[in-house]
């Protein structure tokens with residue numbers, strides 16, 4: 001999974017690069033919007049969880065930005081894509097993405113989406129939804145989490161008014177604190193999902209990776225993909241091992257899983273998903289089992 005504990009942006013990259021390049025290759029143009037007044041939703045010790053709600057059209061991207069607090073992106077309807085300097089995540093409504101403080105990120109709507117953004121207060125030197133110190137390293141990087149029905153319901157019930165509006169009444173604040181405590185507890189209980197695509201620093205390899213993400217079935221072999229980079233297949237294979245710690249085949253399987261999650265969220269039948277991604281049903285089943293340890297029906301059934 002991508003690790004995002006960097007202090008400064010990596011050179012020659014902003015999170016919008018991957019999403020923008022992928023959409024251009026598909027003939028789709030993004031429209032860009034700013035992050036909606038995040039300072040007016042700043043979490044505090046007394047209000048540790050804040051929620052804002054935006055309904056955005058497909059192919060809209062919230063421009064790259066970062067916060068001094070942690071964030072969780074949940075789409076209660078529609079698939080979203082989150083890009084950070086070291087990776088990309090395609091997230092259906094059954095999942096959420098945790099973003100640690102200070103990590104620059106861009107959020108793109110793959111489909112029309114009802115986006116709920118949760119901001120979490122983080123005491124100085126701490127990271128996570130109120131976890132013990134020995135559990136914090138897992139929360140110091142972006143991670144995909146399962147969203148329980150309870151967590152989804154709690155998020156829907158949270159106030160979404162900004163600080164610019166009327167102050168909450170004492171009863172409303174009391175209710176928000178109870179909801180916040182339950183949200184934090186559900187976050188701590190949420191199962192992480194190995195669902196993300198690492199991205200490299202090397203420009204040649206990054207271009208290849210973005211092309212695969214845009215259309216993973218365009219070529220069948222690494223040699224064919226390498227022709228577009230100006231590098232030999234041996235060089236590209238070495239770059240994959242050196243920069244991403246995997247083979248091209250292993251990395252591409254993560255891309256396929258991310259695409260399959262998006263299709264499953266749109267209720268595409270499993271046989272059709274396999275065919276669209278260039279697999280026979282049996283080969284697709286074997287790939288999913290090897291990657292996530294579950295059958296396609298079980299892994300994608302919750303979508």
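Just one of the numbered conditions (1) in contact (Cβ under 8 Å) with a residue 12 or more places away in the chain; (2) not in a loop (DSSP other than H, G, I, E, B) is not true of residue 130: (2).
Conditions: (1) touching a strand residue (DSSP E or B) at 6+ places or on another chain (Cβ under 9 Å); (2) within 26 Å of residue 194 (Cβ to Cβ); (3) modelled with pLDDT of 95 or more. Residue 134 meets all but one. Number of the miss? Against the list (1) touching a strand residue (DSSP E or B) at 6+ places or on another chain (Cβ under 9 Å); (2) within 26 Å of residue 194 (Cβ to Cβ); (3) modelled with pLDDT of 95 or more, residue 134 comes up short only on (1).
Taking the condition of being at negative phi, in a loop (DSSP other than H, G, I, E, B) and touching a strand residue (DSSP E or B) at 6+ places or on another chain (Cβ under 6 Å), how many residues in the range 74-99 meet it? Residues that pass the stated criteria total 1.
Residues checked against (1) within 17 Å of the chain's Cα centre (by Cα); (2) modelled with pLDDT of 90 or more; (3) buried (at least 17 other Cβ atoms within 10 Å of the Cβ):
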{"position": "224", "(1), (2), (3)": "no, yes, no"}
{"position": "227", "(1), (2), (3)": "no, no, no"}
{"position": "230", "(1), (2), (3)": "no, no, no"}
{"position": "240", "(1), (2), (3)": "no, yes, yes"}
{"position": "245", "(1), (2), (3)": "no, yes, no"}
{"position": "261", "(1), (2), (3)": "yes, no, yes"}
{"position": "264", "(1), (2), (3)": "yes, no, yes"}
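The values are calculated or read from the model by the stated rules, or taken from the named source; none is laboratory data. Keep in mind it's a predicted model, so treat the numbers as computed, not measured. Heads up, the Cβs are rebuilt from the backbone with ideal geometry, glycines too, and the neighbour counts pull from every protein chain shown.
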